[in-house]
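Scroll down for the structure; my scribbles are underneath it.
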Amino acid sequence: MKTKFLYIAALALIVGLSGCRKDEPYDTQSPDDTPRILIPYETASGLISFSCDNPDTPLYDSVIVTPSRYTTVNWYVDGLLVWTGVKINMRFPQGTYDVLIEAVTDAGKSTKRNGILTVKAGEADPYSAAPSVGRHVPAAHAIELEGKNLNKVAKVILATDLYAEHEVCAIEPSSKSGTKLVFALPDIADGTYYLRFLDTESNVFGSDNIEVHHGAVVTGGYDAFIPGDKNWEIDGINLDKVSAIIIDDVVITEFTATETKIKLTAPDMPKNSKHILSMQDASGAKVLFATGYGTVTEVETLCSDQTPLWNGPVALDWNSDLIQIPATNLKSLHAGDSLFVYFDHPAAEYYEMRVTVPDWSVDYFPQRSMGEALSPYVLIFDENCETLAKTNKTMCFVGFGLIINKVTYKNVE
C-alpha cells in the first residue's frame, strides 16, 4: 500500500511540472523597457569608427539592441535618415561623414551611438584630401584644391545632399593637373556644401565638403605667440575684414591684413601664460576661428617661450611630404633641445606620424601612434637628429589622420 501511495504522488508531481511547461521560454522584454545598444560597444572617445575601402564597397554593419522585439534601429548620415534596420548595406561617395545610430522602442524611448564613416577614394578616382580647416573658402572667389587624379575632373558640383541630387552649382575648372584643381566659386550663400567631381562620362566622385563664408574666418597661426614677436602671422580667409584683435581685455587695432593673412606685433605678456583670443569685423560682429572640431568665436592662445619653426595647417598624408623643414632652419637646434608639434585630431580611421627625410631612408624620429597623444607633442632633438641636420637632411613629416598646425622648438637651458 505504501508503494502504491508513493507511485501516485510521483505521478501527480510529474503532471504538475509538465503543466508549467511552455513551448517557448518566458519573454521578459517589453516596449516600456529602456533601450540599449549592446554592439557596437561604447568607445573611450564616444565615436564608433566605420570605414569602406572605396566607394564601391558598401558600409555593411549591424547592431544588437534590446528589447529586440520592440525596437527600431535608424541610421543617420550627416543628419539624414538613410537606413532603417539592424543591418545596414549601403554605398557612399568618398569622404568623411558623421554617423548616428538610434534605437527607438515602440513606447518612444530611445538611445544612440555616434560614429564617423570614412570612405576612401578608389585608386583611379579624382579626389581632394584638403584638411577640414582648409575647406573654409570665401564666396565669389577662385578656389584651389590639391589631391590626385584631378586632371579627370570635367565639372565641380556643389550640392546640399550626399548624392548631388540637389545641385547648387556646376562649375568647369579654370585650370587643372593631376594634383591641383582651380575653379571660380560663385557668390552663393554661407553654408556647408558637398563637393563632388564629374568626369567626362558624368561619373560622380565624392570629395568631402566645403564651408563657404562671406565673413572673415581664421584658420591657423592663432594657438601660440612669442611675446614681443614683430612677425606674428595669423592665416585665414577674408581677413581684410578684421578690424580688431582682442587678447583678454587688450584690444589691438594696429596690424596689417590681406585676404589670407594678418601680421602683427605680439603683445608682451608673461611666458607660458594662456589667454583668450577673439576678433571683430568693422560691424562689431565676432570673427570665426576654424578648428578641427568646428568653428568657434574665441580660442585659447599661449604666450610661449618657444621659437617658430614651421606653420600650417597641413593634413598628414603618407603619399606626400607636405611638411618639409630645410636643414638650414635646424641649425639653432642641438642635442637635448625640444621640438613641439601642435596638431588637431579630426575624425579619422587612425593617427600616425613619422619624421623622416625626403627619401625615407633614415628617420629623425621613428613612426609612432598618435591616437592618444596630446597637443603639443614633444620630441627631443638628439645626436642622431643633430647629425642629420649637419649633413643637410631636410626634415619631413608624413603619416595619417593628424592635422599639423605648427612646429616650434626650445633650446635646452
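Listing for the model above:
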item	result
Rg(Cα)/(2.2 N^0.38 Å) for region 135-256, N = residue count	1.30
Electrostatic dipole magnitude of region 36-119 [Cβ: Lys, Arg +1; Asp, Glu -1; Cα centre; debye, to 20]	320
Angle between the chain longest axis and helix 2-20 axis [Cα atoms, degrees, rounded to 10]	40
Calculated FRET value between Glu123 and Gln324, using beta carbons and R₀ = 30 Å, to 0.05	0.70
Quotient of C-alpha Rg and 2.2 N^0.38 Å, computed over region 51-201	1.23
Positive-end residue, the chain charge dipole about Cα centroid, Cβ charges, pick of Ala216, Phe50, Val398	Phe50
Region 257-313-region 78-138 distance, computed between alpha-carbon centres (Å)	31
Volume in Å³ per residue [convex hull over Cα atoms, computed for region 36-119]	83
Cα radius of gyration and Dmax for region 273-413 (Å)	16.5, 54
22 Å Cα-Cα threshold exceeded, pairs from Lys271/Lys393; Lys112/Lys286; Lys152/Lys180	Lys271/Lys393; Lys112/Lys286
Positive dipole terminus of the chain, leading residue within Leu38, Val357, Leu158 (C-beta point charges)	Leu38
Equivalent ellipsoid, region 217-303 (semi-axes from 5 times Cα gyration tensor eigenvalues, Å)	18, 15, 12
Potential extension, Glu233-Tyr60 segment - 0.36 nm per residue separation minus Cα distance	57.7 nm
Taking all pairs of distinct alpha-carbon atoms in the chain, Kirkwood radius in angstrom	25.0
Region 358-413 versus region 183-215: alpha-carbon centroid distance in Å	35
Rounded to the nearest 20 debye, dipole of region 207-266 from Cβ charges on Lys, Arg, Asp, Glu	200
Region 96-178 - convex hull of alpha carbons, volume per residue in Å³	154
Packing-based order for 47-57, 268-278, using average beta carbon neighbours within 10 Å, highest first	47-57, 268-278
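Bear in mind these aren't lab numbers, they're just calculated from the coordinates by the rules spelled out. Keep in mind that this is a model prediction, so the values were computed, not measured. Neighbour counts run over all protein chains shown; Cβ positions are idealised from the backbone, glycine included.
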